[in-house]
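Working notes, structure below.
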Amino acid sequence: MDYEYILYDKIEKSGIITLNRPKLNNAMNMGMIREITAALEDAENDPEVRAIIFRGAGEKAFSAGADIDEMSNDTSLAVREKTQEWISMFKKIESIGKPVIAAVHGYAPAGGTELTLACDFVITDRTAKFGLAEVNIGVIPGAGATIRLTRWLGRARAKEILMTGKLIDAETAHEWGLSNRIVENGEAFNEALAFANELAEKSPLSLAAIKRSVNVASEMDFDKGIQYVLQEFALLFSSEDQKEGMQAFLEKRKPQFNGR
């Protein structure tokens, strides 16, 4: 597929989605949302891709969020229909059975922050700035950030970010739990790629089961959640990866997982 608003490449065992509107700080229009969804499906169906990395083109921003120029005159009905596509894209990131990493530099407010909240891991450099500034333009985050942010940070900090509309720097974001690690400026993508390569050595089936167990089972009550996890655990015993992993452990060698 030819892309206009993103770049999609494969590097080693990772699918790389680059938000590619640098002159507009990688603002996300509907064309970009649809292309991201298509790239995610491509990565999901490619057995050679073990992880997915998001990054932003240019030096200034990961993504400035939604393209306000595109949506400023929308009716309530139109914006509802468009935002449903954003919701579906974020849910795709959360449900895809592969680790998804955001490599963040520069500005990542509003929809940029929303995108990172849907990812499994967030790696930033020291230029990264997060925030949900929709309150400053008379709206709220519409694609799930109010829920995801509250689950990540708790109500007090979520409300502070949402109601003030202020940006927070990389150090604060990391301290509050919005990122996994901070690296030196310009190194977020390299660190994300190294981390993706580390994950690529694990069983793809185990990684997918862990992701489902965290994202799905943790939202259930404990008794239902533990049964969900038990089912995931038991099903892995019918896989080649489980046989290989345990045999390699007994033989004191490195396992060679194939995702079957």
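The values are calculated or read from the model by the stated rules, or taken from the named source; none is laboratory data. Bear in mind that the values here come from a model prediction, so they are computed numbers and not experimental data. Heads up, the Cβs are rebuilt from the backbone with ideal geometry, glycines too, and the neighbour counts pull from every protein chain shown.
A few points about this structure:
- On the stretch given as region 4-27, residues that are closer than 17 Å to I53 by Cα and either in contact with an Asp or Glu (Cβ under 6 Å, 6 or more places away or on another chain) or in a strand (DSSP E or B) (or both) total 13.
- Residue satisfying condition, being surrounded by fewer than 18 Cβ atoms within 10 Å (Cβ to Cβ), assigned by TED's automatic domain parsing to the domain that holds I123, within 17 Å of L117 (Cβ to Cβ) and modelled with pLDDT of 95 or more, within set I87, I11, I33: I87
- Among the residues making up region 111-158, those that are touching a helix residue (DSSP H, G or I) at 6+ places or on another chain (Cβ under 8 Å) and free of Cβ contacts under 8 Å to residues at least 24 places away in the same chain are I140, T146, T150, R157, A158.
- Unmet requirement for E59, which otherwise passes all of (1) surrounded by 15 or more Cβ atoms within 10 Å (Cβ to Cβ); (2) touching a residue at least 40 places away in the same chain (Cβ under 8 Å); (3) acidic (D, E): (1)
- Listed by position, the helices (runs of 4 or more DSSP H) contained in region 195-260 that have at least 3 residues being closer than 15 Å to A51 by Cβ are 204-215.
- Helices (runs of 4 or more DSSP H) lying entirely in region 108-164 (those with 3 or more residues that are β-branched (V, I, T)): 145-153
- Some residue of region 205-225 being closer than 26 Å to A57 by Cα and modelled with pLDDT of 95 or more: no
- Summed over region 27-81, the residues that are over 24 Å from A208 (Cβ atoms), among the small types (G, A, S) and out of contact with any helix residue (DSSP H, G or I) (no Cβ under 6 Å at 6 or more places or on another chain) give a count of 8.
- Members of region 91-108 that are surrounded by 24 or more Cβ atoms within 10 Å (Cβ to Cβ) and farther than 14 Å from A43 by Cα: A102, A103, V104, H105, A108
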